[in-house]
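The values are calculated or read from the model by the stated rules, or taken from the named source; none is laboratory data. Source: prediction; values computed, not measured. Quick reminder, even Gly has a Cβ in these numbers, built from the backbone with ideal geometry, and neighbours come from all protein chains shown. Quick note on the areas: whole protein, heavy atoms, side chains included, nothing else; ligands and nucleic acids left out. Shrake-Rupley method; radii C 1.70, N 1.55, O 1.52, S 1.80 Å.
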Amino acid sequence: MNAPVPAPSFAPGEHCGSALRTPRIIILGAGMSGLLTGIRLRRAGIENFTIYEKATEVGGTWRENRYPGLACDVPAHYYTYSFEPNPDWQHRFARGPEIQNYLRRVADKYDLRRHIIFGEEGVDAHFDGRRWQLRLRSGREDSAEFLIAACGFLHHPREPEIPGLDSFAGARFHSARWDDSVDLHGKRIGMIGTGSTGAQITCSVSRLPCQLKVFQRTAQWVFPLPDREYPLVERELVTEFPGLARFAYRVYDELFDALFSRAMIRPGIQRRLVEAACHWNLRRVRDPELRRRLTPDYQPMCKRIIMSWEYYEAMQRSTVELVTDGIERIVPEGVVTQDGRTHPLDVLILATGFKTHEYVRPMELTNAQGQTLSAAWEARGPHAYCSLAIPGFPNFFLLGGPHSPLANGSVILYTEALVDYVTQCIALYRRGEFDTLAPTRAATDAFCEGLRRNMAGTVWVTGCQNWYIGKDGLPEVWPRRPREFNALLARPRLEDFELSRTPQAA
Ligand code: N01
(Lines give C-alpha, C1' and ligand atoms only; values in the text may rest on other atoms or scores of the structure.)
Protein backbone atom coordinates (compact mmCIF):
# COMPACT_ATOMS: atom_id res chain seq x y z
CA MET A 1 0.00 0.00 0.00
CA ASN A 2 1.00 3.60 -0.49
CA ALA A 3 1.73 5.75 2.52
CA PRO A 4 -1.46 7.22 4.00
CA VAL A 5 -2.47 10.31 2.10
CA PRO A 6 -4.43 13.39 3.03
CA ALA A 7 -8.10 13.44 2.09
CA PRO A 8 -8.94 14.42 -1.49
CA SER A 9 -10.57 17.71 -2.25
CA PHE A 10 -14.33 17.66 -2.59
CA ALA A 11 -16.44 20.10 -4.46
CA PRO A 12 -18.65 22.23 -2.18
CA GLY A 13 -21.56 20.29 -0.83
CA GLU A 14 -20.14 16.92 -1.75
CA HIS A 15 -19.26 14.17 0.59
CA CYS A 16 -17.84 10.81 -0.20
CA GLY A 17 -20.60 8.24 -0.05
CA SER A 18 -23.45 10.70 -0.51
CA ALA A 19 -22.51 12.22 -3.85
CA LEU A 20 -20.02 11.78 -6.62
CA ARG A 21 -16.71 13.47 -6.01
CA THR A 22 -15.45 15.88 -8.64
CA PRO A 23 -11.74 15.44 -9.20
CA ARG A 24 -9.72 17.96 -11.12
CA ILE A 25 -8.01 16.51 -14.18
CA ILE A 26 -5.13 17.85 -16.24
CA ILE A 27 -4.57 16.63 -19.77
CA LEU A 28 -1.33 17.36 -21.61
CA GLY A 29 -1.81 17.79 -25.35
CA ALA A 30 -4.76 18.71 -27.58
CA GLY A 31 -4.12 16.17 -30.31
CA MET A 32 -6.35 13.28 -31.23
CA SER A 33 -6.09 11.56 -27.83
CA GLY A 34 -6.30 14.71 -25.68
CA LEU A 35 -9.46 15.85 -27.48
CA LEU A 36 -10.96 12.39 -27.12
CA THR A 37 -10.28 12.47 -23.38
CA GLY A 38 -12.06 15.82 -23.12
CA ILE A 39 -15.06 14.43 -25.02
CA ARG A 40 -15.30 11.38 -22.78
CA LEU A 41 -14.94 13.41 -19.58
CA ARG A 42 -17.67 15.79 -20.66
CA ARG A 43 -19.88 12.84 -21.56
CA ALA A 44 -19.33 11.55 -18.01
CA GLY A 45 -20.46 14.91 -16.65
CA ILE A 46 -16.96 16.06 -15.64
CA GLU A 47 -16.17 19.66 -16.49
CA ASN A 48 -13.34 20.26 -14.04
CA PHE A 49 -10.51 19.59 -16.46
CA THR A 50 -7.96 21.57 -18.43
CA ILE A 51 -6.07 20.59 -21.55
CA TYR A 52 -2.67 22.28 -21.82
CA GLU A 53 -1.42 22.51 -25.38
CA LYS A 54 2.03 23.85 -26.24
CA ALA A 55 0.97 25.12 -29.67
CA THR A 56 -1.74 27.56 -30.65
CA GLU A 57 -4.16 25.11 -32.23
CA VAL A 58 -5.43 21.58 -31.72
CA GLY A 59 -4.36 18.68 -33.97
CA GLY A 60 -1.10 17.26 -32.58
CA THR A 61 0.92 15.50 -35.23
CA TRP A 62 -1.47 16.70 -37.97
CA ARG A 63 -0.80 20.30 -36.96
CA GLU A 64 2.95 19.85 -36.52
CA ASN A 65 3.62 18.06 -39.81
CA ARG A 66 3.13 20.11 -42.96
CA TYR A 67 5.42 18.39 -45.44
CA PRO A 68 4.23 18.01 -49.04
CA GLY A 69 2.43 14.71 -49.53
CA LEU A 70 1.41 14.47 -45.86
CA ALA A 71 -1.43 11.97 -45.62
CA CYS A 72 -2.60 9.22 -43.34
CA ASP A 73 -1.79 5.77 -44.67
CA VAL A 74 -4.75 4.30 -42.78
CA PRO A 75 -8.02 4.69 -44.76
CA ALA A 76 -9.81 7.90 -43.76
CA HIS A 77 -13.17 6.35 -42.85
CA TYR A 78 -11.23 4.12 -40.46
CA TYR A 79 -8.91 6.85 -39.12
CA THR A 80 -11.93 8.52 -37.54
CA TYR A 81 -13.44 8.58 -34.07
CA SER A 82 -15.94 5.70 -34.11
CA PHE A 83 -18.67 8.03 -32.88
CA GLU A 84 -17.88 10.86 -35.27
CA PRO A 85 -17.97 9.70 -38.90
CA ASN A 86 -16.85 12.28 -41.42
CA PRO A 87 -18.66 12.48 -44.76
CA ASP A 88 -16.22 15.16 -45.92
CA TRP A 89 -13.18 12.95 -46.42
CA GLN A 90 -11.99 13.73 -49.91
CA HIS A 91 -9.60 10.83 -50.44
CA ARG A 92 -9.38 7.24 -49.32
CA PHE A 93 -6.20 8.29 -47.52
CA ALA A 94 -6.98 11.65 -45.97
CA ARG A 95 -4.46 14.42 -46.53
CA GLY A 96 -2.90 16.00 -43.47
CA PRO A 97 -4.87 19.28 -43.66
CA GLU A 98 -8.15 17.33 -43.99
CA ILE A 99 -7.41 15.50 -40.73
CA GLN A 100 -6.39 18.73 -39.06
CA ASN A 101 -9.72 20.30 -40.12
CA TYR A 102 -11.59 17.27 -38.82
CA LEU A 103 -9.94 17.59 -35.41
CA ARG A 104 -10.65 21.32 -35.30
CA ARG A 105 -14.30 20.68 -36.09
CA VAL A 106 -14.47 18.01 -33.37
CA ALA A 107 -12.96 20.45 -30.84
CA ASP A 108 -15.65 22.99 -31.76
CA LYS A 109 -18.55 20.56 -31.90
CA TYR A 110 -17.80 19.13 -28.46
CA ASP A 111 -17.14 22.60 -27.04
CA LEU A 112 -13.66 21.68 -25.91
CA ARG A 113 -11.89 24.96 -26.60
CA ARG A 114 -13.04 26.52 -23.34
CA HIS A 115 -11.10 23.74 -21.59
CA ILE A 116 -7.91 24.24 -23.63
CA ILE A 117 -5.12 26.61 -22.67
CA PHE A 118 -2.91 27.10 -25.70
CA GLY A 119 0.76 28.08 -25.68
CA GLU A 120 1.44 26.23 -22.43
CA GLU A 121 3.85 23.33 -22.19
CA GLY A 122 4.36 21.13 -19.14
CA VAL A 123 7.88 21.31 -17.68
CA ASP A 124 7.57 19.05 -14.68
CA ALA A 125 5.03 17.57 -12.32
CA HIS A 126 5.33 15.98 -8.93
CA PHE A 127 2.85 13.96 -6.94
CA ASP A 128 2.51 15.23 -3.39
CA GLY A 129 0.71 12.12 -2.16
CA ARG A 130 -2.67 13.54 -3.04
CA ARG A 131 -2.44 15.65 -6.18
CA TRP A 132 -0.19 16.18 -9.15
CA GLN A 133 1.49 19.58 -8.96
CA LEU A 134 2.25 20.78 -12.46
CA ARG A 135 4.64 23.50 -13.57
CA LEU A 136 4.32 24.97 -17.04
CA ARG A 137 6.93 26.71 -19.16
CA SER A 138 5.35 30.15 -18.63
CA GLY A 139 5.74 29.74 -14.86
CA ARG A 140 2.02 29.00 -14.41
CA GLU A 141 1.23 26.27 -11.90
CA ASP A 142 -1.74 23.97 -11.60
CA SER A 143 -2.66 20.90 -9.61
CA ALA A 144 -5.09 18.05 -10.03
CA GLU A 145 -6.02 14.63 -8.71
CA PHE A 146 -5.35 13.09 -12.15
CA LEU A 147 -2.69 13.78 -14.75
CA ILE A 148 -3.15 12.38 -18.25
CA ALA A 149 -0.33 12.60 -20.79
CA ALA A 150 -1.82 12.72 -24.28
CA CYS A 151 1.38 13.95 -25.92
CA GLY A 152 1.83 11.23 -28.54
CA PHE A 153 5.16 9.57 -29.22
CA LEU A 154 6.15 11.00 -32.62
CA HIS A 155 6.83 14.60 -31.70
CA HIS A 156 10.54 14.84 -30.90
CA PRO A 157 12.34 14.98 -34.27
CA ARG A 158 15.46 12.84 -34.47
CA GLU A 159 18.32 14.54 -36.29
CA PRO A 160 20.88 12.10 -37.65
CA GLU A 161 24.36 12.10 -36.18
CA ILE A 162 26.25 12.71 -39.39
CA PRO A 163 29.57 14.57 -39.30
CA GLY A 164 29.35 18.07 -40.71
CA LEU A 165 25.54 18.27 -40.60
CA ASP A 166 25.61 21.82 -39.27
CA SER A 167 28.04 22.96 -41.96
CA PHE A 168 25.51 22.57 -44.78
CA ALA A 169 25.19 25.96 -46.49
CA GLY A 170 21.74 25.49 -48.05
CA ALA A 171 18.34 25.17 -46.42
CA ARG A 172 18.09 22.24 -44.03
CA PHE A 173 15.11 21.10 -41.99
CA HIS A 174 13.50 18.04 -40.45
CA SER A 175 10.32 16.73 -42.09
CA ALA A 176 8.33 17.64 -38.96
CA ARG A 177 9.69 21.21 -39.02
CA TRP A 178 8.95 21.93 -42.65
CA ASP A 179 10.24 25.33 -43.79
CA ASP A 180 7.45 26.80 -45.91
CA SER A 181 9.65 29.71 -46.93
CA VAL A 182 11.85 27.43 -49.05
CA ASP A 183 10.71 27.20 -52.66
CA LEU A 184 11.64 23.76 -54.00
CA HIS A 185 11.08 24.59 -57.65
CA GLY A 186 14.23 24.21 -59.73
CA LYS A 187 16.28 23.18 -56.67
CA ARG A 188 18.65 20.29 -56.10
CA ILE A 189 17.08 18.56 -53.13
CA GLY A 190 18.53 15.81 -51.00
CA MET A 191 16.41 13.79 -48.60
CA ILE A 192 17.78 11.44 -45.96
CA GLY A 193 15.36 8.73 -44.87
CA THR A 194 12.94 6.39 -46.61
CA GLY A 195 10.38 5.62 -43.89
CA SER A 196 6.67 6.43 -44.19
CA THR A 197 7.45 10.14 -44.14
CA GLY A 198 10.28 9.97 -46.69
CA ALA A 199 8.07 7.90 -49.02
CA GLN A 200 5.23 10.44 -48.89
CA ILE A 201 7.62 13.33 -49.52
CA THR A 202 9.18 11.45 -52.43
CA CYS A 203 5.79 10.87 -54.08
CA SER A 204 4.93 14.55 -53.82
CA VAL A 205 8.26 16.30 -54.49
CA SER A 206 9.10 14.04 -57.44
CA ARG A 207 6.21 15.68 -59.33
CA LEU A 208 7.80 19.13 -59.02
CA PRO A 209 10.28 20.56 -61.53
CA CYS A 210 13.30 19.89 -59.32
CA GLN A 211 15.92 17.18 -58.76
CA LEU A 212 15.48 14.89 -55.76
CA LYS A 213 18.21 12.62 -54.43
CA VAL A 214 16.85 10.04 -52.00
CA PHE A 215 19.53 8.82 -49.57
CA GLN A 216 18.43 5.34 -48.54
CA ARG A 217 20.20 3.49 -45.72
CA THR A 218 17.77 0.56 -45.61
CA ALA A 219 15.29 -0.40 -48.33
CA GLN A 220 11.62 -0.51 -47.35
CA TRP A 221 8.79 -2.85 -48.23
CA VAL A 222 5.85 -1.10 -49.85
CA PHE A 223 2.32 -2.48 -49.76
CA PRO A 224 0.30 -1.42 -52.85
CA LEU A 225 -2.87 0.05 -51.37
CA PRO A 226 -4.48 2.24 -54.04
CA ASP A 227 -5.64 5.72 -53.14
CA ARG A 228 -8.57 7.46 -54.80
CA GLU A 229 -10.43 10.74 -54.61
CA TYR A 230 -14.03 10.56 -53.42
CA PRO A 231 -16.21 12.31 -55.99
CA LEU A 232 -18.71 14.90 -54.78
CA VAL A 233 -21.66 12.62 -55.41
CA GLU A 234 -20.14 9.95 -53.17
CA ARG A 235 -19.48 12.47 -50.39
CA GLU A 236 -23.05 13.75 -50.67
CA LEU A 237 -24.30 10.21 -50.42
CA VAL A 238 -22.30 9.66 -47.23
CA THR A 239 -23.66 12.95 -45.84
CA GLU A 240 -27.18 11.81 -46.59
CA PHE A 241 -26.61 8.30 -45.23
CA PRO A 242 -23.99 8.46 -42.43
CA GLY A 243 -24.46 4.72 -42.00
CA LEU A 244 -22.30 4.31 -45.11
CA ALA A 245 -19.31 5.84 -43.30
CA ARG A 246 -19.94 3.53 -40.34
CA PHE A 247 -20.15 0.61 -42.72
CA ALA A 248 -16.82 1.60 -44.32
CA TYR A 249 -15.30 1.86 -40.82
CA ARG A 250 -16.41 -1.68 -40.03
CA VAL A 251 -15.19 -3.06 -43.36
CA TYR A 252 -11.72 -1.55 -42.85
CA ASP A 253 -11.69 -2.71 -39.25
CA GLU A 254 -12.34 -6.27 -40.41
CA LEU A 255 -9.78 -5.98 -43.21
CA PHE A 256 -7.02 -4.65 -40.94
CA ASP A 257 -7.80 -7.26 -38.32
CA ALA A 258 -8.06 -10.16 -40.77
CA LEU A 259 -4.98 -9.24 -42.77
CA PHE A 260 -2.42 -6.86 -41.28
CA SER A 261 -2.95 -7.53 -37.57
CA ARG A 262 -2.70 -11.27 -37.98
CA ALA A 263 0.16 -11.01 -40.48
CA MET A 264 2.18 -8.99 -37.98
CA ILE A 265 1.75 -11.24 -35.00
CA ARG A 266 2.27 -14.74 -36.38
CA PRO A 267 3.45 -16.56 -39.51
CA GLY A 268 0.70 -17.88 -41.74
CA ILE A 269 -1.39 -17.22 -44.79
CA GLN A 270 -1.97 -13.54 -43.95
CA ARG A 271 1.77 -12.89 -43.70
CA ARG A 272 2.35 -14.70 -46.97
CA LEU A 273 -0.37 -12.63 -48.63
CA VAL A 274 1.18 -9.35 -47.50
CA GLU A 275 4.59 -10.57 -48.61
CA ALA A 276 3.24 -11.59 -52.02
CA ALA A 277 1.59 -8.18 -52.48
CA CYS A 278 4.86 -6.40 -51.59
CA HIS A 279 6.88 -8.58 -53.97
CA TRP A 280 4.35 -8.00 -56.73
CA ASN A 281 4.56 -4.25 -56.12
CA LEU A 282 8.36 -4.30 -56.26
CA ARG A 283 8.24 -5.98 -59.66
CA ARG A 284 6.64 -2.79 -60.98
CA VAL A 285 10.18 -1.33 -60.88
CA ARG A 286 11.29 -1.98 -64.44
CA ASP A 287 15.06 -1.44 -64.16
CA PRO A 288 16.49 -4.62 -62.55
CA GLU A 289 19.37 -2.71 -60.98
CA LEU A 290 17.07 -0.12 -59.38
CA ARG A 291 14.78 -2.97 -58.27
CA ARG A 292 17.73 -4.75 -56.66
CA ARG A 293 18.68 -1.63 -54.72
CA LEU A 294 15.09 -1.15 -53.58
CA THR A 295 14.81 -4.75 -52.37
CA PRO A 296 14.91 -5.08 -48.57
CA ASP A 297 16.84 -7.91 -46.93
CA TYR A 298 14.28 -8.53 -44.19
CA GLN A 299 10.64 -9.61 -44.02
CA PRO A 300 7.82 -7.24 -44.99
CA MET A 301 6.33 -5.48 -41.93
CA CYS A 302 9.41 -5.95 -39.74
CA LYS A 303 9.81 -2.22 -40.17
CA ARG A 304 6.52 -0.34 -40.32
CA ILE A 305 5.36 -1.10 -43.83
CA ILE A 306 4.83 1.73 -46.31
CA MET A 307 1.35 1.86 -47.78
CA SER A 308 1.61 3.40 -51.20
CA TRP A 309 0.51 2.72 -54.71
CA GLU A 310 2.73 5.47 -56.05
CA TYR A 311 6.10 5.08 -54.35
CA TYR A 312 7.84 2.92 -56.96
CA GLU A 313 6.34 5.01 -59.74
CA ALA A 314 7.85 8.08 -58.05
CA MET A 315 11.23 6.39 -57.64
CA GLN A 316 11.29 5.79 -61.42
CA ARG A 317 10.58 9.42 -62.34
CA SER A 318 13.37 11.23 -64.12
CA THR A 319 13.42 13.81 -61.33
CA VAL A 320 14.50 11.21 -58.74
CA GLU A 321 17.84 9.53 -58.08
CA LEU A 322 18.24 6.79 -55.48
CA VAL A 323 21.54 6.92 -53.58
CA THR A 324 22.38 3.80 -51.61
CA ASP A 325 26.05 4.46 -50.84
CA GLY A 326 26.37 5.30 -47.16
CA ILE A 327 26.65 8.93 -46.15
CA GLU A 328 30.17 9.76 -45.01
CA ARG A 329 29.77 13.41 -44.11
CA ILE A 330 27.98 16.58 -44.96
CA VAL A 331 29.85 19.55 -46.36
CA PRO A 332 28.64 23.10 -47.09
CA GLU A 333 27.82 22.23 -50.71
CA GLY A 334 26.07 18.90 -50.12
CA VAL A 335 26.42 15.27 -49.08
CA VAL A 336 29.57 13.18 -49.47
CA THR A 337 28.93 9.45 -49.80
CA GLN A 338 31.33 6.63 -48.95
CA ASP A 339 32.21 6.12 -52.61
CA GLY A 340 33.86 9.56 -52.45
CA ARG A 341 31.16 11.28 -54.50
CA THR A 342 29.94 14.73 -53.55
CA HIS A 343 26.24 15.32 -54.21
CA PRO A 344 25.75 19.09 -54.56
CA LEU A 345 22.48 20.23 -52.98
CA ASP A 346 20.48 23.40 -52.39
CA VAL A 347 18.08 21.87 -49.85
CA LEU A 348 18.57 19.02 -47.39
CA ILE A 349 15.46 17.36 -45.92
CA LEU A 350 15.86 15.12 -42.89
CA ALA A 351 13.08 12.51 -42.96
CA THR A 352 14.94 10.69 -40.22
CA GLY A 353 12.12 9.94 -37.84
CA PHE A 354 11.53 10.65 -34.18
CA LYS A 355 12.87 9.88 -30.72
CA THR A 356 10.17 7.32 -30.16
CA HIS A 357 11.03 6.22 -26.63
CA GLU A 358 10.57 9.58 -24.91
CA TYR A 359 6.77 9.57 -24.45
CA VAL A 360 5.88 12.34 -21.97
CA ARG A 361 9.53 13.30 -21.53
CA PRO A 362 11.50 15.63 -21.54
CA MET A 363 8.84 16.76 -19.10
CA GLU A 364 9.89 15.13 -15.83
CA LEU A 365 7.50 13.45 -13.44
CA THR A 366 8.44 12.84 -9.83
CA ASN A 367 6.45 10.61 -7.51
CA ALA A 368 5.76 11.06 -3.80
CA GLN A 369 8.90 9.10 -2.93
CA GLY A 370 11.09 11.45 -4.99
CA GLN A 371 11.67 9.02 -7.85
CA THR A 372 11.56 10.46 -11.36
CA LEU A 373 9.97 8.72 -14.32
CA SER A 374 13.33 8.73 -16.09
CA ALA A 375 14.86 6.92 -13.10
CA ALA A 376 11.97 4.44 -12.97
CA TRP A 377 12.59 3.62 -16.64
CA GLU A 378 16.39 3.77 -16.41
CA ALA A 379 17.17 0.09 -16.01
CA ARG A 380 14.58 -1.56 -18.26
CA GLY A 381 13.58 1.26 -20.54
CA PRO A 382 10.01 2.55 -20.89
CA HIS A 383 7.44 0.07 -19.67
CA ALA A 384 3.95 0.40 -18.29
CA TYR A 385 1.03 -1.66 -17.10
CA CYS A 386 -1.33 -2.06 -20.08
CA SER A 387 0.72 0.70 -21.74
CA LEU A 388 -0.95 3.38 -19.62
CA ALA A 389 -0.08 3.22 -15.92
CA ILE A 390 3.21 3.08 -14.10
CA PRO A 391 3.98 1.51 -10.71
CA GLY A 392 4.77 4.16 -8.12
CA PHE A 393 3.15 6.96 -10.15
CA PRO A 394 -0.45 7.11 -8.86
CA ASN A 395 -3.30 8.72 -10.75
CA PHE A 396 -1.11 9.21 -13.81
CA PHE A 397 -2.13 7.83 -17.20
CA LEU A 398 -0.19 7.72 -20.44
CA LEU A 399 -2.11 7.51 -23.72
CA GLY A 400 -0.13 5.77 -26.45
CA GLY A 401 2.56 4.63 -24.03
CA PRO A 402 4.99 1.73 -24.43
CA HIS A 403 3.42 -1.55 -25.67
CA SER A 404 0.53 0.13 -27.49
CA PRO A 405 -0.54 -1.52 -30.77
CA LEU A 406 1.14 1.23 -32.73
CA ALA A 407 2.29 -0.53 -35.91
CA ASN A 408 0.19 -0.37 -39.11
CA GLY A 409 -3.39 0.25 -38.04
CA SER A 410 -5.67 2.94 -36.67
CA VAL A 411 -4.23 4.67 -33.62
CA ILE A 412 -7.68 6.09 -32.94
CA LEU A 413 -9.21 2.65 -32.54
CA TYR A 414 -7.12 1.64 -29.55
CA THR A 415 -6.95 5.16 -28.12
CA GLU A 416 -10.72 4.99 -27.64
CA ALA A 417 -10.22 1.88 -25.49
CA LEU A 418 -7.45 3.61 -23.50
CA VAL A 419 -9.55 6.69 -22.84
CA ASP A 420 -12.59 4.63 -21.86
CA TYR A 421 -10.39 2.73 -19.42
CA VAL A 422 -9.12 5.96 -17.87
CA THR A 423 -12.62 7.39 -17.55
CA GLN A 424 -13.74 4.18 -15.84
CA CYS A 425 -10.92 4.62 -13.30
CA ILE A 426 -11.96 8.21 -12.73
CA ALA A 427 -15.58 7.07 -12.26
CA LEU A 428 -14.37 4.72 -9.50
CA TYR A 429 -12.57 7.61 -7.85
CA ARG A 430 -15.73 9.67 -8.03
CA ARG A 431 -17.61 6.93 -6.21
CA GLY A 432 -14.96 6.99 -3.48
CA GLU A 433 -13.46 3.59 -4.34
CA PHE A 434 -9.96 5.01 -3.97
CA ASP A 435 -8.03 8.22 -3.54
CA THR A 436 -4.93 7.11 -5.35
CA LEU A 437 -4.38 4.23 -7.72
CA ALA A 438 -1.18 2.86 -9.25
CA PRO A 439 -0.54 -0.55 -10.78
CA THR A 440 1.36 -3.00 -8.62
CA ARG A 441 4.89 -3.92 -9.59
CA ALA A 442 3.82 -7.58 -9.73
CA ALA A 443 0.94 -6.91 -12.15
CA THR A 444 3.17 -4.73 -14.31
CA ASP A 445 5.92 -7.35 -14.41
CA ALA A 446 3.38 -10.06 -15.25
CA PHE A 447 2.00 -7.89 -18.06
CA CYS A 448 5.50 -7.26 -19.45
CA GLU A 449 6.41 -10.93 -19.13
CA GLY A 450 3.28 -11.81 -21.15
CA LEU A 451 4.42 -9.37 -23.84
CA ARG A 452 7.85 -10.99 -23.99
CA ARG A 453 6.34 -14.47 -24.33
CA ASN A 454 4.07 -13.36 -27.14
CA MET A 455 6.76 -11.51 -29.04
CA ALA A 456 8.31 -14.72 -30.41
CA GLY A 457 6.07 -15.20 -33.45
CA THR A 458 5.81 -11.55 -34.40
CA VAL A 459 7.33 -10.14 -37.53
CA TRP A 460 9.15 -7.40 -35.58
CA VAL A 461 11.69 -9.88 -34.20
CA THR A 462 12.55 -11.51 -37.52
CA GLY A 463 15.73 -9.50 -37.95
CA CYS A 464 15.67 -5.82 -38.84
CA GLN A 465 16.25 -2.46 -37.22
CA ASN A 466 13.00 -0.71 -36.42
CA TRP A 467 12.06 2.15 -34.17
CA TYR A 468 9.87 -0.09 -32.03
CA ILE A 469 12.88 -1.81 -30.47
CA GLY A 470 13.45 -0.82 -26.87
CA LYS A 471 16.30 -0.97 -24.42
CA ASP A 472 15.94 -4.72 -23.81
CA GLY A 473 16.20 -5.42 -27.55
CA LEU A 474 12.50 -6.27 -27.84
CA PRO A 475 9.91 -4.14 -29.62
CA GLU A 476 7.86 -1.86 -27.37
CA VAL A 477 4.67 -2.83 -29.18
CA TRP A 478 1.62 -4.89 -28.34
CA PRO A 479 2.41 -8.34 -29.77
CA ARG A 480 -1.17 -9.46 -30.36
CA ARG A 481 -4.14 -8.17 -32.34
CA PRO A 482 -5.26 -4.63 -31.44
CA ARG A 483 -8.70 -6.09 -30.72
CA GLU A 484 -7.19 -8.16 -27.95
CA PHE A 485 -5.61 -5.01 -26.53
CA ASN A 486 -9.01 -3.33 -26.53
CA ALA A 487 -10.57 -6.40 -24.91
CA LEU A 488 -7.91 -6.31 -22.18
CA LEU A 489 -8.85 -2.70 -21.47
CA ALA A 490 -12.59 -3.36 -21.33
CA ARG A 491 -12.63 -2.82 -17.57
CA PRO A 492 -9.99 -2.00 -14.96
CA ARG A 493 -8.88 -4.99 -12.87
CA LEU A 494 -8.59 -3.32 -9.51
CA GLU A 495 -6.74 -6.33 -8.10
CA ASP A 496 -3.80 -5.24 -10.30
CA PHE A 497 -3.59 -1.89 -8.52
CA GLU A 498 -2.43 -0.49 -5.24
CA LEU A 499 -5.29 1.63 -3.97
CA SER A 500 -5.13 4.09 -1.15
CA ARG A 501 -8.21 5.39 0.57
CA THR A 502 -8.47 7.83 3.42
CA PRO A 503 -10.73 6.49 6.15
CA GLN A 504 -13.78 8.71 6.49
CA ALA A 505 -14.69 10.17 9.86
CA ALA A 506 -17.62 8.32 11.47
O1 N01 B 1 10.60 7.82 -39.58
P2 N01 B 1 11.26 6.35 -39.59
P3 N01 B 1 9.33 8.37 -40.37
N4 N01 B 1 21.54 8.08 -41.97
O5 N01 B 1 11.96 6.24 -38.29
C6 N01 B 1 16.60 6.91 -41.91
C7 N01 B 1 4.51 7.61 -38.48
N8 N01 B 1 4.06 8.12 -39.75
O9 N01 B 1 9.18 9.81 -40.01
O10 N01 B 1 15.70 2.41 -41.87
C11 N01 B 1 20.74 7.63 -42.95
O12 N01 B 1 10.29 5.32 -39.95
C13 N01 B 1 16.12 5.55 -41.51
O14 N01 B 1 16.96 4.56 -42.04
P15 N01 B 1 16.99 3.06 -41.38
C16 N01 B 1 4.62 6.13 -38.58
O17 N01 B 1 4.29 5.52 -37.37
C18 N01 B 1 2.80 7.84 -40.09
O19 N01 B 1 9.39 8.02 -41.79
O20 N01 B 1 16.99 3.25 -39.89
N21 N01 B 1 19.45 7.36 -42.79
C22 N01 B 1 14.71 5.56 -42.10
O23 N01 B 1 14.73 5.32 -43.48
C24 N01 B 1 6.07 5.97 -38.88
O25 N01 B 1 6.58 4.69 -38.65
C26 N01 B 1 2.34 8.26 -41.28
O27 N01 B 1 18.19 2.45 -41.89
C28 N01 B 1 18.93 7.57 -41.58
C29 N01 B 1 14.28 7.02 -41.88
O30 N01 B 1 15.48 7.77 -41.73
C31 N01 B 1 6.65 7.03 -37.99
O32 N01 B 1 5.77 8.13 -38.18
C33 N01 B 1 3.14 9.00 -42.16
C34 N01 B 1 19.72 8.04 -40.51
C35 N01 B 1 13.46 7.19 -40.64
O36 N01 B 1 12.29 6.45 -40.78
C37 N01 B 1 8.03 7.47 -38.33
O38 N01 B 1 8.15 7.57 -39.74
C39 N01 B 1 4.43 9.27 -41.78
C40 N01 B 1 21.08 8.29 -40.75
N41 N01 B 1 21.89 8.71 -39.77
C42 N01 B 1 4.88 8.84 -40.57
N43 N01 B 1 18.92 8.14 -39.41
C44 N01 B 1 0.94 7.93 -41.63
O45 N01 B 1 0.58 8.03 -42.77
C46 N01 B 1 17.70 7.74 -39.81
N47 N01 B 1 17.71 7.39 -41.11
C48 N01 B 1 0.01 7.46 -40.56
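Numbers for the structure displayed
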quantity: Region 151-163 residues that are within 6 Å of the ligand (Cβ to nearest atom), paired with ones that are of a type outside the set (Asp, Glu) and part of a loop (DSSP other than H, G, I, E, B) (beta carbon under 7 Å, 6 or more apart); calculated: Leu154/Thr356; Pro160/Thr352
quantity: Residues that are of a type in the set (Gly, Ala, Ser) and farther than 15 Å from Glu333 by Cα, drawn from region 161-187; calculated: Ser175, Ala176, Ser181, Gly186
quantity: Residue check for Arg271: open to solvent by 40 Å² or more (accessible area, probe 1.4 Å) and among the charged types (D, E, K, R); calculated: no
quantity: Filter result for Ile148 (within 16 Å of the ligand (Cβ to nearest atom) and in contact with a strand residue (DSSP E or B) (Cβ under 6 Å, 6 or more places away or on another chain)); calculated: no
quantity: Residue, surrounded by the most Cβ atoms within 10 Å (Cβ to Cβ), within region 178-199, restricted to residues that are in contact with a strand residue (DSSP E or B) (Cβ under 6 Å, 6 or more places away or on another chain) and over 19 Å from His343 (Cα atoms); calculated: Ala199
quantity: Any chance Val331 is aliphatic (A, V, I, L, M), touching a residue at least 40 places away in the same chain (Cβ under 8 Å) and farther than 30 Å from Ala94 by Cβ; calculated: yes
quantity: Single unsatisfied condition, Pro475 versus (1) in contact (Cβ under 8 Å) with a residue 40 or more places away in the chain; (2) crowded, with 17+ Cβ neighbours inside 10 Å; calculated: (1)
quantity: Single unsatisfied condition, Gln338 versus (1) assigned by TED's automatic domain parsing to the domain that holds Ser261; (2) among the polar types (S, T, N, Q); (3) under 30 Å from Arg21 (Cα atoms); calculated: (3)
quantity: Any hit, region 217-227, residues being within 14 Å of the ligand (Cβ to nearest atom), surrounded by fewer than 21 Cβ atoms within 10 Å (Cβ to Cβ), of a type in the set (A, V, I, L, M, F, W, C) and in contact (Cβ under 8 Å) with a residue 24 or more places away in the chain; calculated: yes
quantity: Filtered residue count, region 295-314, keeping only those that are more than 21 Å from Arg228 (Cβ to Cβ) and touching a Leu at 6+ places or on another chain (Cβ under 8 Å); calculated: 1
quantity: All positions within region 100-112 that are touching a residue at least 40 places away in the same chain (Cβ under 8 Å) and assigned to a helix (DSSP H, G or I); calculated: Gln100, Leu103, Arg104, Val106, Ala107
quantity: Scan of region 320-336 for residues that are touching a helix residue (DSSP H, G or I) at 6+ places or on another chain (Cβ under 8 Å) and more than 14 Å from the ligand (Cβ to nearest atom), ordered by number; calculated: Val320, Val331, Pro332
quantity: Residue list for region 29-66, restricted to those being in a loop (DSSP other than H, G, I, E, B), surrounded by fewer than 22 Cβ atoms within 10 Å (Cβ to Cβ) and within 14 Å of the ligand (Cβ to nearest atom); calculated: Asn65, Arg66
quantity: Filter result for the condition that a residue is within 26 Å of Thr366 (Cβ to Cβ) and in contact with a Leu (Cβ under 9 Å, 6 or more places away or on another chain), over Ala107, Ala125, Ala171, Ala176; calculated: Ala125
quantity: Pairs with Cβ under 8 Å, 6+ apart, first in region 71-82 and closer than 16 Å to Met307 by Cα, second modelled with pLDDT under 95 and among the small types (Gly, Ala, Ser); calculated: Val74/Gly409; Val74/Ser410; Tyr78/Ser410; Tyr79/Ser410
quantity: Filter pass, Gly96 being within 13 Å of the ligand (Cβ to nearest atom) and either β-branched (Val, Ile, Thr) or in contact with a Leu (Cβ under 8 Å, 6 or more places away or on another chain) (or both); calculated: yes
quantity: Residue satisfying condition, being open to solvent by 30 Å² or more (accessible area, probe 1.4 Å) and either modelled with pLDDT of 95 or more or part of a helix (DSSP H, G or I) (or both), within set Ala506, Ala456, Ala442; calculated: Ala442
quantity: Hits in region 67-92 (condition: of a type in the set (Gly, Ala, Ser) and surrounded by fewer than 16 Cβ atoms within 10 Å (Cβ to Cβ)); calculated: Ser82
quantity: Unmet criterion (only one of (1) surrounded by fewer than 20 Cβ atoms within 10 Å (Cβ to Cβ); (2) at pLDDT below 95) for Ile412; calculated: (2)
